[in-house]
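Just below is one structure, and these are the notes that go with it.
Please treat every number below as a calculation from the coordinates, not as lab data. Computed from a predicted model, the values in this text were never measured in an experiment. Cβ coordinates were reconstructed from backbone atoms using ideal geometry, including for glycine residues, and neighbour counts include every protein chain displayed.
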Amino acid sequence: MNVPWVEKYRPQTLDDVVGQEQIVGRLKRYVEENSMPNIMFTGSAGVGKTTCALALAKALLGEYWQQNFLELNASDARGIDTVRNEIKSFCKLKAVGAPFRIIFLDE
């Protein structure tokens, strides 16, 4: 299977993320408290926004992270139909094996 380099070597846990100690520290506190506020990651391309979001979701949601995590590329999925269809139907389902679900709008 041809996996893009950035996906193959992407850090998988918050401990694997380098160069963002202050942010990773705060994200780890969310995991310790089992708390998930609304978060907006901002910054230049390549600083680890998506990686941190994925690692946080994996840490908070555990083995069921994929069932409880919806990732949408906001630059591709901007229309009201996306909200009506994908996000609304995702929100209608109860979290599986986790206390909550996460919607991640990238870009």
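Tell me what the chain gives for mean residue ellipticity at 222 nm when only DSSP H runs of n ≥ 4 count, each as -39,500 (n - 2.57), the sum divided by the residue total, rounded to 500 deg cm²/dmol.
-9000 deg cm²/dmol
In this rough spin-label picture, where each label sits 7 Å from Cα along the Cβ direction, the Lys92-Asn38 distance is 2.3 nm. Listed by chain and number, the lysines whose C-alpha is less than 27 Å from the C-alpha of Lys88, apart from same-chain residues fewer than 8 away, are Lys49, Lys58.
Each 10 Å bin from zero holds the following percent of Cα-Cα pairs in segment 5-64: 22, 59, 19, 0.
Ordering Tyr30, Tyr9 from the fewest to the most neighbouring beta carbons within 10 Å gives Tyr9, Tyr30.
Close amide H pairs (under 5 Å, H built 1.01 Å from N) link Ile102 with Phe69, Leu70, residues at least 5 positions away or on another chain.
Could you tell me whether the chain comes out rounded, prolate or oblate from its Cα gyration tensor? Rule is a ≥ b ≥ c as square roots of the eigenvalues, rounded for a/c under 1.5, then prolate if a/b exceeds b/c, otherwise oblate. In terms of gyration-tensor shape, oblate. Working ranking of peptides 81-87, 66-72, 50-56, 39-45 by packing, defined as the average number of other Cβ atoms within 10 Å per residue, highest first, is 50-56, 66-72, 81-87, 39-45.
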